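Working notes for the structure below.
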Amino acid sequence: MPLAETTLVEAINQGLRRLLRERPEVVLFGEDIGAFGGAFKATLGLQQEFGEARVFDTPICESAIFGAAIGMATQGLRPIVELQFVDFGMTAVHQLLNNAGTMHYRTGVAVPMTVRAPCGGGICGGPFHSEELEAFFCHMPGVKVVYPAFPADARALLVSAALDPNPVIFLENKYLYRHVKEWLPADWEPIPLGVAQVCRPGSDAVVLTYGAMVHEALRAAEQVEQEGAGTVMVLDLRTLKPLDADAVLAAVAATNRVLIVHEGWRTGGFGAELAALVAERAFHLLDAPVVRLTAPDVPVPFAPELERAYRPGADTIHAALLELLDY
Amino acid sequence: MSRKQTKATPPAAARSRSAQAALPGSTLLRCMLLTQLTEERLVRLYHQGRISGGVYISRGQEAIGAATAAAGGPDDLYAPLIRDMSVHIGRGEPVLDIFRHCLGRVTGPMKGRDGNVHYGCLARGVYPMISHLGAMLPVVTGAVMARRRQGRPAVGFAYLGDGATSTGDFHEAVNFAAVFDVPVIFVIENNQFAYSTPITRQFRCRNLADRAVGYGIEGLAADGNEAVDLYRLVRGLVDQLRARPRPVLLVCDTMRMRGHGAHDDFSYVPRDLLERFTARDPLDLARARVIADGALTAAEVARLEQVCQAEVDAACQQALAEPPPDPATLTEGVYAAG
Ligand SMILES: Cc1ncc(C[n+]2csc(CCOP(=O)(O)OP(=O)(O)O)c2C)c(N)n1
Ligand SMILES: [Mg+2]
């Protein structure tokens, strides 16, 4: 089968196209996603191909967008909505937390909706266009959270997210949109939610991570290995909720040293959940204390110099790994 | 785009007994009686300590839900709020299920997972509210959009109080419905108070219906206490919206005749305001109306009240005897399987 070089944002476009083609109940809506193709061009060409009834622009109203999607999902449609930036979803998070997240528990009625949300830093977006909010979403009962790091995963997980009968937050790292490419076939199988992936084998330590930090961790692990300091496994969680706890525990058992990396804030961040899981269920397997490398608890700064200091990267991961391996 | 004032125009139709029987008066009265008697019993159960949490009743506002519920067809969708038991009853919720729900019984529509005014039945097109005021408005809007796409001529009824008109969600939902021409009737029940806060602290416009102009839609101001007239108005409105889909603000003037909840002595409500509305009690008006219209005799009204009371008594007794949910089921059903 011929392969095509595909960016993460193109892969998402392919996933959306496939869903629109195969599932007549799928509708896409959000701000500027129609003829314009979305702020990041993830929906490019879709309105032209599938028509305005299925791919349409809305006013700027995140709560009405979520709320309408919830209403549609309870009446047989399968809405996929785009947040222009995840940051703006916080004006309407009550709809996800209280309406979408409680519906099945309270009524037994499913809410098959997906929220696509560009997130993360590294593009000098400043405090309000760079936020990394997965921990907020993971805190909500009844909601699933998916965060792919590779184009192949992105399109395959997007299909599974949209076909899942529950509300799913599908996080798309803006930095990765065009910085990561893979040679992909035209056909693909969906990847089930809740399954992590070992991106790089290793036996001396594991980096538990997701999103853009997977790529930073891979670079750091490569360097550590070249320096002869040890072999480092990188585990890409891919889905944060439900979390693939078995894969995490297996990775800890195989390496005995754990570094957790994410670009979201430290306090109450997803890394705290991972550290707790390891402490509760794999404490006896550890040769060193669990280490977290995260953004500090400060707003995402704008200036490139500040943002570089704010966001973990291959260099800081490398340093943390050396320290961990030396413990 | 104008605000219209509706008047209580008595029907000019023939007064023969058979013609009057077709009018909704007795249906509306029955719904309002069941509501009032059920709520009265719930308040008693609350003061007896047999209902946990709180009890929020609609005394004084029963006509609005009864009239609007009766005006809808089988495809229509409803999102009732805090003062809308008569919507639930009018759309087919058995009184028994209301008692089960308020008592937190596993047999209730929410199986004890939610309580007081948060219930509904999606199979009948009635959305169970969440507490967050305004949050249901875009949900019912989206639900109506979905139904109409499937070729069903749905109209939505989204309810809110005067206080909830101050939320951002109200603005977002009305504007969204306006932009997409979604036929939703936003039923604003202006009962003069939001908990202890009077409407003078809620908005500056003369009438909330005036807000419609800003959304490019129609706003209607109606008397919320005259059930039959309100029914006629809304019935006509529903036909219009089916023919030409678009949202409408329907502002119903009314009064919360009790506290915000059963815990509240509402001492902050001016007595003269209460007296003014006591003279226009929707149940009294409905009783007088069915008799005046010849739909029921005074004796038939008395009989109807007895029948409703018996239904409420039986439902309450049965629900009290039913079991609570099993704590072992606590974590079940958070997610849909599949
Ligand atoms: C967003 C939000 N804020 C506050 C509350 C608490 N609250 C519940 S009912 C109420 C008053 C509502 O007044 P109104 O909208 O006029 O409805 P009414 O009770 O008069 O029918 C308040 C403040 C809430 N439920 N939701
Ligand atoms: Mg009020």
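The numbers here are math on the coordinates, done by the rules we state, and not lab data. Bear in mind that the values here come from a model prediction, so they are computed numbers and not experimental data. Note that we place each Cβ from the backbone using ideal geometry, even for glycine, and neighbour counts take in every protein chain shown.
Observations on the model:
- Filter pass, B:D293 being of a type in the set (D, E) and touching a Gly at 6+ places or on another chain (Cβ under 7 Å): yes
- Only listed residue being closer than 20 Å to B:F157 by Cα, away from every other protein chain (no Cβ under 14 Å), away from ligand 2 (no atom under 16 Å from the Cβ) and surrounded by 22 or more Cβ atoms within 10 Å (Cβ to Cβ), chosen from B:A66, B:A70: B:A66
- Restricting the stretch B:126-151 to residues that are more than 9 Å from chain A (Cβ to nearest Cβ) and within 23 Å of B:A71 (Cα to Cα), the residue that is surrounded by the most Cβ atoms within 10 Å (Cβ to Cβ) is B:V126.
- The criterion of at least 2 residues that are among the charged types (D, E, K, R) is met by the following helices (runs of 4 or more DSSP H) wholly inside the stretch A:191-289: A:212-226, A:270-282.
- Output for the stretch B:132-182, where each listed residue is of a type in the set (S, T, Y) and either in contact with a Ser or Thr (Cβ under 6 Å, 6 or more places away or on another chain) or more than 16 Å from ligand 1 (Cβ to nearest atom) (or both): B:T141
Conditions (1) within 8 Å of chain B (Cβ to nearest Cβ); (2) crowded, with 24+ Cβ neighbours inside 10 Å; (3) charged (D, E, K, R); (4) touching a strand residue (DSSP E or B) at 6+ places or on another chain (Cβ under 8 Å), marked per residue:
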site: A:D57; (1), (2), (3), (4): no, no, yes, yes
site: A:Q95; (1), (2), (3), (4): yes, yes, no, no
site: A:H104; (1), (2), (3), (4): yes, no, no, no
site: A:G108; (1), (2), (3), (4): yes, no, no, no
site: A:F136; (1), (2), (3), (4): no, no, no, no
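- Residue within the stretch A:179-187 that is of a type in the set (G, A, S) and away from chain B (no Cβ under 14 Å) present: yes
- Any chance B:N190 is at positive phi, within 16 Å of ligand 1 (Cβ to nearest atom) and in contact with a helix residue (DSSP H, G or I) (Cβ under 9 Å, 6 or more places away or on another chain): no
- Candidates A:G121, A:G142, filtered to the one that is assigned to a loop (DSSP other than H, G, I, E, B) and over 14 Å from the mean Cα position of the chain (by Cα): A:G142
- Residues located in the stretch A:248-271, provided they are among the small types (G, A, S) and either free of Cβ contacts under 8 Å to residues at least 24 places away in the same chain or crowded, with 19+ Cβ neighbours inside 10 Å (or both): A:A250, A:A251, A:G264, A:G269, A:G271
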